[in-house]
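The values are calculated or read from the model by the stated rules, or taken from the named source; none is laboratory data. Remember, it's a predicted structure, so these values are computed and weren't measured experimentally. Using ideal geometry, Cβ is built from the backbone for each residue, glycine included, and neighbour counts are taken over all protein chains shown. Remember, those area values only see protein heavy atoms, side chains included, never the ligands or the DNA or RNA. Shrake-Rupley method; radii C 1.70, N 1.55, O 1.52, S 1.80 Å.
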Amino acid sequence: MKHLRQLEDQSVYILREAYKHFNHLAMLWSMGKDSTVLLWLARKAFFGHVPFPLLHVDTSYKIPAMIEYRDRIAREWRLNLVVGQNKEALAAGMNHTLGRDVCCTALKTTAMKNLVEEKGYTGIILGVRADEDSTRAKERYFSPRDKHGDWDFRDQPPELWDQFKTTFPPGTHIRIHPLLDWTEINIWEYIKHENIPFMDLYLDRGDGTRYRSLGCAPCTTPIKSTAKTVDEIIVELRKSTVAERAGRAQDAGRGMEMLRKKGYM
């Protein structure tokens, strides 16, 4: 519990520093376990109120239960929810059969860039964790992007001894990652400790499978698992040698790295 409290304190500190130093902030919310823990931490950091909008980039292909959960939590927690879509691409028939990278670029990366530019957000807070995949391990707590949102992972500021750079040249877009040092097990331990509401898609509902990572329905597959509770998930993860995002088609090859370089979360 001491380690969880240290992680919580660090994340709350990062959230408050971001709010202090950057104007026109927003937080990306995918409704998954990580971004929901991040949302919970934001409510703690600001005493029950989230002082910036929650963004959801809706590809229109999400698992229906995710949208139901989004709308319910937004209503119950009185969140300022902003939903963005690349309606032009959807109207033209964009879908995963045209190519995974093409579809993700159009419905996620371009949709988010359009939303950020339309609303004038200069910084986006995300629930990225370094242990999630090798590309995200190259991130910083405060990660600069160019004015188009593109990411040069070779040119990131050092963050030694918890010293963070929060001053950047005009026109720099900032991504803030308060969960960077959390692990998947930490997330579930915290969900249990805080009794955070989450989607039962993460649990085995009787067919011997569950989702470990959530995304678009056509490109996300469940894993074999009999974990029906958070405790059982934690036990399972301590023994697992399978990558967390093994069920996400977009992570195949260098797909995630290419998407992130173009501005994806």
Leading residue by the ranking (least open to solvent (accessible area, probe 1.4 Å)) among those in the stretch 1-38 that are modelled with pLDDT under 95, within 20 Å of His173 (Cα to Cα) and of a type in the set (D, E, K, R): Glu17
Output for the stretch 78-101, where each listed residue is open to solvent by 60 Å² or more (accessible area, probe 1.4 Å), among the β-branched types (Val, Ile, Thr) and either in contact with a strand residue (DSSP E or B) (Cβ under 8 Å, 6 or more places away or on another chain) or not in a helix (DSSP H, G or I) (or both): Val83
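Here is a yes/no grid of residues against (1) in contact with a Ser or Thr (Cβ under 7 Å, 6 or more places away or on another chain); (2) modelled with pLDDT under 85:
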| position | (1), (2) |
| --- | --- |
| Leu81 | no, no |
| Asn86 | yes, no |
| Gly93 | no, no |
| His96 | no, no |
| Arg100 | no, yes |
| Thr110 | no, no |
Single unsatisfied condition, Tyr13 versus (1) more than 22 Å from Lys119 (Cβ to Cβ); (2) in contact with a Leu (Cβ under 8 Å, 6 or more places away or on another chain); (3) hydroxyl-bearing (Ser, Thr, Tyr): (2)
Extreme residue, most open to solvent (accessible area, probe 1.4 Å), among residues of the stretch 102-116 that are touching a His at 6+ places or on another chain (Cβ under 9 Å) and under 20 Å from His24 (Cβ atoms): Lys113
Leu54 being buried (at least 19 other Cβ atoms within 10 Å of the Cβ) and at pLDDT 95 or above: yes
Residues of the stretch 201-245 classified as of a type in the set (Asp, Glu) and surrounded by 13 or more Cβ atoms within 10 Å (Cβ to Cβ), total: 4
Contacts under 7 angstrom Cβ, first residue in the stretch 53-77 being part of a loop (DSSP other than H, G, I, E, B) and aromatic (Phe, Trp, Tyr), partner crowded, with 17+ Cβ neighbours inside 10 Å and modelled with pLDDT under 95, 6 or more apart: Tyr61/Cys216
